[in-house]
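Single-structure report; data block below.
The values are calculated or read from the model by the stated rules, or taken from the named source; none is laboratory data. Just so it is clear, the structure is predicted and the values come from calculations on it, not from any experiment. Here the Cβ positions follow ideal geometry from the backbone for every residue, glycine too, while neighbour counts run over all protein chains shown. Calculation scope for accessible area: heavy atoms of the full protein, side chains included, ligands and nucleic acids excluded. Shrake-Rupley method; radii C 1.70, N 1.55, O 1.52, S 1.80 Å.
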Amino acid sequence: VQLQAFGGGLVQAGGSLRLSCAASGFIYSTNEMGWYRQAPRNQREMVAVITSNGSTNYADSVKGRFTISRDNGKNTVYLQMNNLKPDDTAVYYCNLVQAKWSPGNYWGQGTLVTVSS
């Protein structure tokens, strides 16, 4: 299983970015995909996750600003980030967890999001 993320970049505070992550390989129909982030000197933290049936969970710090979605036919997960803040600056990693076919916890290569004040 491989994950490839796209969409990071530099944006001013209050702006928006959309991240996408495509999974390839032996993808089981039931899985959880999500986004995590890691800022300098911080631990990696969950941003948002979504199951294959559409259930979502968000970190409190992004609720109301970020929206996670997915296209099961394309094995792709998206993160729409609005009203970005400097504290959102981090490397964002996509993640896939599945229990069958090729069970495991998989990570993408990370994409840098920088929010300037």
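Here the chain exposes an accessible surface that is 47 percent carbon and sulfur, computed with a 1.4 Å probe and the other protein chains kept in place. Under the convention that each Lys and Arg Cβ holds +1 and each Asp and Glu Cβ holds -1, the size of the dipole of the chain around its Cα centre is about 40 debye.
Once the gyration tensor of the Cα atoms in the chain is diagonalised, the equivalent ellipsoid follows with semi-axes of 24, 14, 12 Å, ordered largest first. Calculated accessible area for the chain comes out at 54 Å² per residue, all protein chains present (probe 1.4 Å; ligands, DNA, RNA ignored). DSSP finds beta bridges in the stretch 11-117, and of those with both partners inside it, around 95 percent are antiparallel. What lysines could a cross-link reach from K100, if we take a straight Cα to Cα line under 22 Å and drop same-chain neighbours fewer than 8 places away? Within the straight-line limit of under 22 Å, K100 reaches these lysines: K74.
Taking S20, S61, S52 in turn, the Gaussian network model of the chain (Cα-Cα springs below 10 Å) assigns the largest fluctuation to S61.
Within a Cβ distance under 14 Å of R18, other residues only, what is the Lys/Arg minus Asp/Glu net charge?
The answer is 0.
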